[in-house]
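The values are calculated or read from the model by the stated rules, or taken from the named source; none is laboratory data. Predicted model only: the values in this text are computed from it and were never measured. Counting neighbours? That spans all protein chains shown, and the Cβs are built from the backbone with ideal geometry, glycine included. All accessible areas refer to the heavy atoms of the entire protein, side chains included, with ligands and DNA or RNA removed. Shrake-Rupley method; radii C 1.70, N 1.55, O 1.52, S 1.80 Å.
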Amino acid sequence: MSETMKVVLAVVGVFVAGFIMVGLSKEEPTIAQKEASSTIRNLVAIQTMASEKCPVIIKEKTGEQVYFPTETKSDKESYVTLIWVGENAKTGGFKKASCTLLASLGGISELVIDDKVIIKK
């Protein structure tokens with residue numbers, strides 16, 4: 001066997017050993033890691049839903065378009081409350097709007113505009 005053939009076989013052997021080591025080192029996520037990722041996915045889902053639904057209903061009720069909430073409250077599991085401070089309160093807009101979305105309802109559970117309850121479920 002020539003020297004070149006030995007080098008080629010050595011390189012192939014290193015690649016095979018590398019693939020075997022990578023294949024064996026793959027670990028299943030632990031239960032705690034699965035729970036943490038599930039919690040994060042749930043929070044992102046209710047945050048996204050609130051960010052899509054709340055501005056639409058606020059514009060419908062007040063005529064003022066809102067974009068980014070000034071404050072966000074959440075227990076990171078079951079609800080998200082987005083709060084906006086209105087910019088056009090003197091010209092017919094609102095001073096403060098609060099929109100709460102419950103994950104269990106899958107929609108808006110409470111909408112309060114200028115301390116007036118619009119939706120309460």
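The fraction of accessible area contributed by carbon and sulfur in region 1-120 is 60 percent, rounded to a whole number (1.4 Å probe; ligands and nucleic acids excluded). GNM remark for the chain: springs join alpha carbons under 10 Å apart, and the peak mean-square fluctuation among Gly13, Gly107, Gly93 falls on Gly13. Subtracting the Cα-Cα distance of Ala17 and Lys34 from 0.36 nm times their residue separation leaves 3.1 nm of extension gain. Summary of the geometry: region 83-121 and region 48-63, compared by the centres of their Cα atoms, lie 9 Å apart. Computed from Cα positions, the angle between helix 31-62 and the longest principal axis of the chain comes to roughly 30 degrees.
Of the cross-linked pairs Lys26/Lys73; Lys76/Lys121; Lys34/Lys76; Lys34/Lys59; Lys73/Lys116, those separated by over 27 Å at the C-alpha level are Lys26/Lys73; Lys34/Lys59. For the pair Asn88 and Glu3, label points projected 7 Å from Cα toward Cβ lie 8.3 nm apart. With contacts taken as Cα pairs under 8 Å at a separation of at least 6 residues, region 1-104 carries a relative contact order of 19 percent.
For the chain, the mean residue ellipticity at 222 nm estimated from helices alone is -16500 deg cm²/dmol, where every DSSP H run of n ≥ 4 contributes -39500 (n - 2.57) and the total is divided by all residues, rounded to the nearest 500.
Under 1.5 on a/c is rounded, so check that first for the chain, then, if it is not, pick prolate when a/b is larger than b/c and oblate when it is not; a ≥ b ≥ c are the square roots of the alpha carbon gyration tensor eigenvalues. It comes out prolate by the Cα gyration axes. Sorted on the mean count of surrounding Cβ atoms within 10 Å across their residues, most packed first, peptides 59-67, 27-35 read 59-67, 27-35.
Axis angle, to the nearest 10 degrees, between helix 3-25 and the longest C-alpha principal axis of the chain: 40 degrees. Projecting the Cα atoms of Phe19, Met5, Phe94 onto the charge dipole of the chain, computed from C-beta unit charges around the Cα centre, puts Phe94 farthest toward the positive end.
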